[in-house]
Amino acid sequence: MTLLTAEQQIERLMSLHPKGFDLSLERIRDLLERLGNPQDRLPPVIHIAGTNGKGSAAAFSRALLEAGGRTVHVHTSPHLVRWHERYRLGEAGGGRLVDDAVFAEAIARVASANEGRTITVFEILTAVGFVLFSEHPADATILEVGLGGRFDATNVIARPAVSVIMPISLDHEAYLGDRVELIAAEKAGIVKRGQPVVIGAQEHDAAREVLIDAAERHGCPVLIYGQDFIAYEENGRLIYQDDDGLMDLALPRLIGRHQYANAATAIAAIKSAGFDGSLRVAERAMKKVDWAGRMQRLAEGRLVDLAPEGAEIWLDGGHNPGAGTVIAEAMAEQEEKRPRPLFLIAGMINTKDQSGYFRAFEGMARHVFTVPVTHSESGVPNDELAARAMEAGLTAEPVSSVESALRLLAETWDRADASPRILICGSLYLAGEVLEKNGTPPV
């Protein structure tokens, strides 16, 4: 009998099991017990929670570890184009996304062990990650929380090498609470007694205090951004400072000033976990770090060819007001370097604060084209999204697709004007759709 592909098996699981989130650890612990508790046999784990910046912290941590000659397993979510992106197996030279045959066999084994019990697909796929990472040798594991922290399926790691908590803001309020203190308490659930904790840059003092209190209650060594370590730009270089002194580094390849704090948090994290965070390693990592769909410059591809000649095209999947703020700041940085009129092509899902996201671009964006998010059942209709953009003080119009927006810009653009800067934004679902259609999926 021919084994189904990984995607076919996941589609089958999604038809069998409830959709969405059901935050609990009982089901996954029961499943892992039947699998022999693979989560207890992982290489040292860097466990990352937070509202924004988790993916960037994972990317920086991976770059740092690999720059130090380490092999690294990486589990992130969601994926952009293919499910395989969630599982990078550590190998010398940078690792690789899991092969379909290996992935499919692991899914089949985990689904068989579950024996049809009620469970979410995310829990099954988290168990798949633990199986894969426990059976392939590596020096470290980077594990990104899916939602929240306390009851997230990844939170079965008993002794992480370090728990990292990135910036916290309002998101997933239906599951996590409607105040930053409540959300911070959920994120702090990944803190384990006596294990190191690194707290990234926090916009809200209330969130920071909740995180510090949780670390202290659990007797954890704790490092806090702005207090124990910091990073800033000086003369076109990134300066990182902690109790060990200063490091003068190249600016990171990831665009935006918010990435300075993300890079600093990753450096502090890998040092806390006992890995090499030397100047040589950090300098190399800043030049190599990569994270698809997050302030990613699209230089070529099928969609790029539709845009006005000379257009500058950026793609970012950030989708809440906090993300909107840092993305708008990154666009302002680009404007300072090279002025161009900014246009947004935006698609969002209905669980996000759409007006709050758009508000960050008031006075910056010349116009917004809103598009459907076809890869999600929760996509906001493009006419409704245009109304949300206008509520935030922007001019906006709905169009049928990203391709339509790019063609419309190309047809109406006056060649006497500076070529436009185009930001495709608002949803990781949209980012994945764009990378797939452009012919440039993550590798």
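Listed by position, the helices (runs of 4 or more DSSP H) inside the stretch 139-258 whose residues that are surrounded by fewer than 16 Cβ atoms within 10 Å (Cβ to Cβ) number at least 3 are 205-217. Return the residues of the stretch 349-372 that are under 19 Å from Val434 (Cα atoms) and at pLDDT 95 or above; say none if nothing qualifies. Val368, Phe369, Thr370, Val371, Pro372, listed by residue number.
Can you tell me which residues in the stretch 274-301 are within 30 Å of Gly194 (Cα to Cα), small (Gly, Ala, Ser) and surrounded by fewer than 22 Cβ atoms within 10 Å (Cβ to Cβ)? Within the stretch 274-301, Gly274, Ser278 qualify.
Of the residues in the stretch 72-79, not one is in contact (Cβ under 8 Å) with a residue 40 or more places away in the chain, assigned to a loop (DSSP other than H, G, I, E, B), within 24 Å of the chain's Cα centre (by Cα) and on the phi > 0 side of the Ramachandran plot. Here is the figure for the stretch 383-403: residues that are hydroxyl-bearing (Ser, Thr, Tyr) and surrounded by 16 or more Cβ atoms within 10 Å (Cβ to Cβ) total 1. For Ala360, the stated conditions do not hold, so it cannot be described as within 29 Å of Asp242 (Cβ to Cβ) and either under 21 Å from the mean Cα position of the chain (by Cα) or hydroxyl-bearing (Ser, Thr, Tyr) (or both). I'd like the residue in the stretch 110-119 that is touching a residue at least 60 places away in the same chain (Cβ under 8 Å) and part of a helix (DSSP H, G or I) and, out of all such residues, is nearest to Phe133 (Cα to Cα). If we take residues in the stretch 110-119 being touching a residue at least 60 places away in the same chain (Cβ under 8 Å) and part of a helix (DSSP H, G or I), then Val110 is nearest to Phe133 (Cα to Cα).
Among the criteria (1) among the hydroxyl-bearing types (Ser, Thr, Tyr); (2) outside any loop (DSSP other than H, G, I, E, B); (3) surrounded by 15 or more Cβ atoms within 10 Å (Cβ to Cβ), the one Ser15 does not fulfil is (3).
When Glu66, Glu33 are checked against the criterion of being within 30 Å of His319 (Cα to Cα) and either free of Cβ contacts under 8 Å to residues at least 24 places away in the same chain or assigned to a helix (DSSP H, G or I) (or both), Glu66 stands alone in meeting it.
Residues that are hydrophobic (A, V, I, L, M, F, W, C) and within 16 Å of Leu64 (Cα to Cα) were ranked within the stretch 240-260; the one that is farthest from the chain's Cα centre (by Cα) is Met247.
Matching residues to (1) modelled with pLDDT under 95; (2) among the polar types (S, T, N, Q):
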residue	(1), (2)
Asp244	no, no
Asp248	no, no
Thr265	no, yes
Arg280	no, no
Ala285	no, no
Glu309	yes, no
Trp314	no, no
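Screening the stretch 81-104 for residues that are part of a helix (DSSP H, G or I) and charged (D, E, K, R) and picking the one that is nearest to Gly439 (Cα to Cα) gives Glu85. Take the conditions (1) at pLDDT 95 or above; (2) of a type in the set (D, E, K, R); (3) surrounded by fewer than 16 Cβ atoms within 10 Å (Cβ to Cβ); (4) over 19 Å from Ala140 (Cβ atoms); Glu105 misses just one of them, which is (3). How about the stretch 42-53: which of its residues are surrounded by fewer than 24 Cβ atoms within 10 Å (Cβ to Cβ) and either among the small types (Gly, Ala, Ser) or in a helix (DSSP H, G or I) (or both)? Correct list: empty.
Being out of contact with any helix residue (DSSP H, G or I) (no Cβ under 6 Å at 6 or more places or on another chain), among the hydrophobic types (A, V, I, L, M, F, W, C) and either more than 23 Å from Gly68 (Cα to Cα) or at pLDDT 95 or above (or both) is a property that holds for Leu170. Is it fair to say Val304 is among the aliphatic types (A, V, I, L, M), under 30 Å from Thr412 (Cα atoms), modelled with pLDDT of 95 or more and surrounded by fewer than 22 Cβ atoms within 10 Å (Cβ to Cβ)? For Val304, the condition - among the aliphatic types (A, V, I, L, M), under 30 Å from Thr412 (Cα atoms), modelled with pLDDT of 95 or more and surrounded by fewer than 22 Cβ atoms within 10 Å (Cβ to Cβ) - is met.
The values are calculated or read from the model by the stated rules, or taken from the named source; none is laboratory data. Please read these numbers as outputs of a predicted model, since none were measured by experiment. Neighbour counts run over all protein chains shown; Cβ positions are idealised from the backbone, glycine included.
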